[in-house]
Structures are given as structure tokens and as C-alpha cells.
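Down below is the structure, laid out as C-alpha cells.
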Amino acid sequence: MSASIAPSRTPAADMVWIPGGTFFMGSDHHYPEEAPQHQVRVDGFWMDRYPVTNAMFSRFVNATGYLTLAEMAPRAEDYPGALPEMLHPGSIVFQQPSHPVDLRICTWWDFVLGADWRHPTGPQSSVEGLENHPVVHVAYRDVEAYAKWAGKDLPSEAEWEFAARGGLDRAEFAWGNKLCPEGQHLANTWQGEFPWQSLRGDGYERTSPVDAFPANGYGISDMIGNVWEWTADWYEKGHAAIHKGACCVPRNPRGGREEASFDPSQARIKIPRKVLKGGSHLCAPNYCRRYRPAARFAHPVDTSTCHIGFRCILRSHIQQFPMNLVAGVISPIRDEIGKLAATAVIRTARNYFLSREMHEFADRQKREELASPVPVYNPEPEI
């Protein structure tokens, strides 16, 4: 099927035309939620060349006065069982263990008071010198607000995956079929034994500049690794809902249903989840091999972390880019952005990190480590 013809005018600096077309979405060879591989068609669209950076997000905040969810204190009524001392602004931060751990028990995350986009690892940290790194600690409502202010949108999962492939249909990675061709690292991922041993073969401990690695075939950078990226689609496990009964190639699919996105293991907590794409600097061969275009991950809309960011798109057939932004003038904030912050859902994927149960579990883990000096290492089973 022929690709969409690019419009004659670029809507804004650092946006790239993605021509659209038909491609094979998903994979039958890795994690079950990526299956089945199936054909999808997307129309052409503009995409940000890079993820939204700290500098870009700072301009948005300075122009609007926007507060992210991580900068708001959780309310006790939204977090049943939360410890009072944890009901303060904060976000989820990776804490590297000093030795091998049991990978079946996720103990390397912590809800850090005072962590937010300006303070990525905690209140004593800052983004000084990280202006060209991707912004992190942004929940879904935060990225929606930024996109609305910028006159843009968030990509669907299909749009994101098509763009990430860079024209290499059915390739394993965004650059071909080898993770490190000729020993070259082409994305910021984890080298070493996750989560305790970071060898930094790609040169980075945490996030990296958004232009640190080569662009893909469409000229967009940092689609793989560095930070996960939000998409607009509700999560459903697998692509069966899209694929089942299709009489023809689906065009511009928009993922699952909100009511089907809840985590089945959290029956009491009804927080919808969106699809994340691209993997992050914490994805490793021994644990999370999701540094591939087909990979996908479910994430609650209320939860921000140190390894999730985003980028925006512009659909030429339904959006008109604001002329004041084309001219390089910052758009005034729209009233709706304030409403987004006021009505944002802030319960409770974070609930576990705020709860007494989590802290009691951490205490038990520490006692077990002291009682058993030989750590357990259980690599993720090969798929």
C-alpha cells in the first residue's frame, strides 16, 4: 500500500513526517502480550523528532504554572491504608541494589518523597545539566496537558510502533535484527546483570541526551531505550481484540477499552492503564527485553516514575497546528489545562508504595537478607 504524501509545510521545528502505510504490528516470538503479529495500516502524521526534554517541559510549566501529579500531595481518602508520613508529594525512583537479587520479587523501586520532574532522583537532585534529557516523573494527565498546550496529540500504539520501525517491517529492533551490530550500542539500555550490575557500556547510568544515538530510517531519535513513552491507547493483554474477526487490514486502530485495562491482580483498585512503548535504560537481556518496537507494557495513568517520558504527534487530517506555535511563539495556556490538574485521578497504583504493607514487606526483605548472606539470582526465563 502506498505511503501518505507529505504535506508541503513542516508544522514546527523538530517534527518529522511519518509517511504512513501498512506494516506487521506486534510479535509472536517474545512476550505474550505482543501477540498475535498482524497487519495494520496507519495514515501519515507528524511526530516529534525527540522525546519531550526537560527544557521543553520547563517552558510549558513557566508559561502555564502547571503542577504535575508528582508535585501534589496524595489525599488520604484516595489512598486507603497509606501511611500518614507518606502522604506528601513524590514519585517512584529506581534504587540500584548492591548485590544480585531474586528477580521474581521487585524490590528495586521506591516511592521517594520530593522526587518529581525537577528532582529526578529525589529532593537533593536537579535537572541542571540535563536540559536535553527526556523529562520524567510525568503521569498520563501531565503529558495530556502538555500536548494540549502545544496543540498536538499523543500517538496511538500503532502510530508509535510504525514510526519506531523506521521502515524496517518485521525487524527485531528499530535498526535491524541484532541488538548491538558490530558491538555498537544504538540505544540507552542496561548492560550487565540487572538490577545490581550496571556496566554502562553505552556510556550512561540513567537517562541520556535525546540525540545521543543515531536516528532511525524516518529520522526520529530515541524511540528505543532511554525512557518508556506514553501512548494514547488503553491497554489490553495481547492484540486479539484488534485482530479477531477482522475482515480486512485495520486502519488507524486505537487499542483496547478503558474498562478492560484494569489490572486483574488488583481487584480492589480500579485504575485504568495505558500502553507504554520503547523500553528504557533499565531494560536488560536478563530481565526486561522490551527494547523493541513490538514490545508493550501496561502502566497506570496515575503513576509517574524516573524512566517514563513521552513525545507528541500531529495528525494532519484532523488537527490544525496553531499558527502562533508555527511562528515560534509560546501559546497561552488553555483553561482546560487547569481543569486537568484539578480533576486528575491520583489513586492508587502508587497506593502500594504508600502503604503499610509495602513498608512491612521491605522490612521483612531486609531481615531475610541479613539472615542469608548468599543472594539468590533467578534470571527471567527465556521466551
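The values are calculated or read from the model by the stated rules, or taken from the named source; none is laboratory data. Computed from a prediction, not measured in an experiment: that's the story for all the values here. Note that each Cβ is placed from the backbone with ideal geometry, even for glycine, and that neighbours are counted across all protein chains shown.
Overview of values
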{"quantity": "From Ala327, Ala362, residue being small (Gly, Ala, Ser), at pLDDT below 60 and within 27 Å of Thr107 (Cα to Cα)", "calculated": "Ala362"}
{"quantity": "Residue within region 2-9 that is free of Cβ contacts under 8 Å to residues at least 24 places away in the same chain and within 23 Å of Arg251 (Cα to Cα) present", "calculated": "yes"}
{"quantity": "Only listed residue being under 18 Å from Val61 (Cβ atoms) and either surrounded by fewer than 22 Cβ atoms within 10 Å (Cβ to Cβ) or at pLDDT 95 or above (or both), chosen from Gly151, Gly167, Gly183", "calculated": "Gly151"}
{"quantity": "Residue within region 25-48 that is in contact with a Gly (Cβ under 8 Å, 6 or more places away or on another chain), over 18 Å from Gly256 (Cα atoms) and among the basic types (Lys, Arg) present", "calculated": "no"}
{"quantity": "Given (1) touching a residue at least 60 places away in the same chain (Cβ under 8 Å); (2) under 19 Å from Asn286 (Cβ atoms); (3) buried (at least 18 other Cβ atoms within 10 Å of the Cβ), index of the condition Asp202 fails", "calculated": "(1)"}
{"quantity": "Scan of region 154-163 for residues that are buried (at least 24 other Cβ atoms within 10 Å of the Cβ) and touching a Lys or Arg at 6+ places or on another chain (Cβ under 7 Å), ordered by number", "calculated": "Glu157, Trp160, Glu161"}
{"quantity": "Residue list for region 85-137, filter: out of contact with any helix residue (DSSP H, G or I) (no Cβ under 8 Å at 6 or more places or on another chain) and among the acidic types (Asp, Glu)", "calculated": "Glu85, Asp102, Glu128"}
{"quantity": "In region 219-241, residue surrounded by the fewest Cβ atoms within 10 Å (Cβ to Cβ) [restricted to those that are over 19 Å from Pro300 (Cβ atoms) and of a type in the set (Val, Ile, Thr)]", "calculated": "Ile220"}
{"quantity": "Every pair of residues 6+ apart whose Cβ atoms lie under 7 Å, when the first sits in region 274-292 and is on the phi > 0 side of the Ramachandran plot and in contact (Cβ under 8 Å) with a residue 12 or more places away in the chain while the second is among the hydrophobic types (A, V, I, L, M, F, W, C) and in a strand (DSSP E or B)", "calculated": "Gly278/Trp228; Gly279/Trp228"}
{"quantity": "Residue tally, condition crowded, with 16+ Cβ neighbours inside 10 Å and either of a type in the set (S, T, N, Q) or out of contact with any Cys (no Cβ under 7 Å at 6 or more places or on another chain) (or both), over region 93-112", "calculated": "9"}
{"quantity": "Among residues of region 59-94, those that are touching a Leu at 6+ places or on another chain (Cβ under 6 Å) and not hydrophobic (A, V, I, L, M, F, W, C), counted", "calculated": "4"}
{"quantity": "Verdict on Val127 being modelled with pLDDT of 95 or more, of a type in the set (A, V, I, L, M, F, W, C), in contact with a Phe, Trp or Tyr (Cβ under 8 Å, 6 or more places away or on another chain) and in a loop (DSSP other than H, G, I, E, B)", "calculated": "yes"}
{"quantity": "Condition met for Trp234 (touching a Leu at 6+ places or on another chain (Cβ under 6 Å) and either over 27 Å from Ala145 (Cα atoms) or at pLDDT 95 or above (or both))", "calculated": "no"}
{"quantity": "Only one of Glu144, Glu131 that is closer than 30 Å to Ala12 by Cα and crowded, with 19+ Cβ neighbours inside 10 Å", "calculated": "Glu144"}
{"quantity": "Filter result for Ala82 (over 18 Å from the mean Cα position of the chain (by Cα), farther than 23 Å from Thr231 by Cα, modelled with pLDDT under 95 and surrounded by fewer than 19 Cβ atoms within 10 Å (Cβ to Cβ))", "calculated": "no"}
{"quantity": "Selection from region 258-317 of residues that are under 20 Å from Thr107 (Cβ atoms), touching a Lys or Arg at 6+ places or on another chain (Cβ under 8 Å), outside any loop (DSSP other than H, G, I, E, B) and among the hydrophobic types (A, V, I, L, M, F, W, C)", "calculated": "Phe297"}
{"quantity": "Every residue from region 133-163 that is out of contact with any strand residue (DSSP E or B) (no Cβ under 7 Å at 6 or more places or on another chain) and assigned to a helix (DSSP H, G or I)", "calculated": "Arg141, Asp142, Glu144, Ala145, Tyr146, Lys148, Trp149, Ala150"}
{"quantity": "Residue under evaluation Pro74, criteria (1) surrounded by 17 or more Cβ atoms within 10 Å (Cβ to Cβ); (2) closer than 24 Å to Val112 by Cα; (3) modelled with pLDDT of 95 or more, criterion not met", "calculated": "(3)"}
